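S.K.: Sharing a structure with you now.
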Amino acid sequence: MSDPYTGEETPVKRRCPPDKIAYDPARGIKICIETGEVIEEDMIGDEAEWRAYTPEERARRTRVGSPIQFSKPNLGVDVYISASRGSRIRGLSKRLDYLRTRGLRGKAALTSLEKNINQALRYIDDISARLELPRQIKEEAARLYREAANKGLTRGRSIESMVAAALYAACRKHRYPCTLDDIAKNLSMREIDAKREVARNYRLLVRHLDIKIPVIDAERFVYRIASSLGLPDPVVAEAIKIVKMARSKGLTAGKDPSGLAAAAVYLAALKHGIRKTQKEVAQVAGVTEVTVRNRYKEIDKMLREAGYII
């Protein structure tokens, strides 16, 4: 092929496969690793112009902000007005204007929906701290509440009960062993009323937000119950074995997993010679003594028929 201006023959560039192209950030060029041909040059580098040799140094030098956090006001992205250490605000009127601007900033701009969400986030922080819930559950609950608020589901309903419903839905969604009773005990309203209201709001969230709720395995409750009672590891292993045997016999279908776990822990403790009353186990599991007694009788009958002696 000849150049139309000079008449000289110019070589025809062959197309290089994408997997054979190498990028040299030092010179800003792309090179074909098979032929050594420069495909593109004078490229603008998008990598960092600083060096970091440890993860801590990289985190300290990076210029990007923190990820979006649903549990923080304004999703964790906010602007703060503050005076630098080296500057002074001279004049009383200027200083008063500065303090007024700093104090009132955002309050006048907040809508009723944003104020509702900010108050709900404070409830989420408080209840999560009392129950020692992991960050993942806290973030999911905040996301669910924001979605419900944007759809108008929180209008005319108690913020605290809606927050509790969002926390319970987050626990169920992530298979975290936290019962409705555990959450209701940490609300300001009466426990009986709280449980009924939270359950109603939970059903509302599941229905309107299309939340997929998986079934929580009873084994997850075994660890929590045994830990609260101070039982040793052999008892935990025995209780899990009992739960698996009950599942293989079809006894777990339609049963509350926390009640099954409580009965299994009670039976395992008996086998290892550790005396725990049904009342103690029921209080820790968040169920009634009647539930523990009924599940205990069913599982005990199944174990004896299978030749498993307690």
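The values are calculated or read from the model by the stated rules, or taken from the named source; none is laboratory data. This structure is a prediction, so every number in the text was calculated from the model and none was measured. Using ideal geometry, Cβ is built from the backbone for each residue, glycine included, and neighbour counts are taken over all protein chains shown.
S.K.: Looking at the stretch 23-34, which of its residues are surrounded by 12 or more Cβ atoms within 10 Å (Cβ to Cβ), of a type outside the set (Phe, Trp, Tyr) and out of contact with any helix residue (DSSP H, G or I) (no Cβ under 9 Å at 6 or more places or on another chain)?
M.R.: Scanning the stretch 23-34 gives Asp24, Arg27, Gly28, Ile29, Lys30, Ile31.
S.K.: Looking at the structure I just gave you, is Arg247 of a type in the set (D, E, K, R) and not assigned by TED's automatic domain parsing to the domain that holds Lys301?
M.R.: No; evaluated as a whole, the condition is false for this residue.
S.K.: Mind checking which residues of the stretch 204-225 are within 27 Å of Lys297 (Cβ to Cβ) and loosely packed, with under 13 Cβ neighbours inside 10 Å?
M.R.: Matches in the stretch 204-225: Val215 only.
S.K.: Counting only residues that are in contact with a Lys or Arg (Cβ under 7 Å, 6 or more places away or on another chain) and without any contact (Cβ under 8 Å) to a residue 60 or more places away in the chain, how many does the stretch 181-201 have?
M.R.: 4
S.K.: Would it be correct to say that Ser228 is surrounded by fewer than 22 Cβ atoms within 10 Å (Cβ to Cβ), within 17 Å of Leu133 (Cβ to Cβ) and in the same structural domain as Ala282 (by TED's automatic domain parsing)?
M.R.: When the stated conditions are applied, Ser228 passes them.
S.K.: Find the residue count for the stretch 149-169, including only residues that are touching a helix residue (DSSP H, G or I) at 6+ places or on another chain (Cβ under 6 Å) and part of a helix (DSSP H, G or I).
M.R.: Summing the residues that are touching a helix residue (DSSP H, G or I) at 6+ places or on another chain (Cβ under 6 Å) and part of a helix (DSSP H, G or I) in the stretch 149-169 gives 12.
S.K.: Among what's in the stretch 219-241 and is free of Cβ contacts under 8 Å to residues at least 12 places away in the same chain and under 15 Å from Val284 (Cα atoms), pick the residue that is farthest from the chain's Cα centre (by Cα).
M.R.: Gly230
S.K.: A further question follows. Could you tell me which numbered condition Leu110 fails, if it satisfies all but one of (1) under 22 Å from Thr288 (Cα atoms); (2) assigned to a loop (DSSP other than H, G, I, E, B); (3) of a type in the set (A, V, I, L, M, F, W, C)?
M.R.: (1)
S.K.: Which one of these does Ile124 not meet: (1) among the aliphatic types (A, V, I, L, M); (2) outside any helix (DSSP H, G or I); (3) within 16 Å of the chain's Cα centre (by Cα)?
M.R.: (2)
S.K.: Now for a separate question. With the checklist (1) modelled with pLDDT of 90 or more; (2) over 22 Å from Asn74 (Cα atoms); (3) out of contact with any Phe, Trp or Tyr (no Cβ under 6 Å at 6 or more places or on another chain) in hand, flag the one item Tyr168 doesn't pass.
M.R.: That leaves (3) as the condition not met.
S.K.: Is there a residue being within 17 Å of Thr179 (Cβ to Cβ), surrounded by fewer than 19 Cβ atoms within 10 Å (Cβ to Cβ) and modelled with pLDDT under 90 anywhere in the stretch 234-253?
M.R.: Scanning the stretch 234-253 turns up no residue that is within 17 Å of Thr179 (Cβ to Cβ), surrounded by fewer than 19 Cβ atoms within 10 Å (Cβ to Cβ) and modelled with pLDDT under 90.
S.K.: Assuming Leu204 fulfils every condition listed in (1) of a type outside the set (S, T, N, Q); (2) free of Cβ contacts under 8 Å to residues at least 24 places away in the same chain; (3) not assigned by TED's automatic domain parsing to the domain that holds Glu280 apart from one, which condition is it?
M.R.: (2) is the only condition that Leu204 fails.
S.K.: Just name the residue that is nearest to the chain's Cα centre (by Cα) out of those in the stretch 166-203 that are under 18 Å from Ala149 (Cβ atoms) and surrounded by fewer than 17 Cβ atoms within 10 Å (Cβ to Cβ).
M.R.: Arg203
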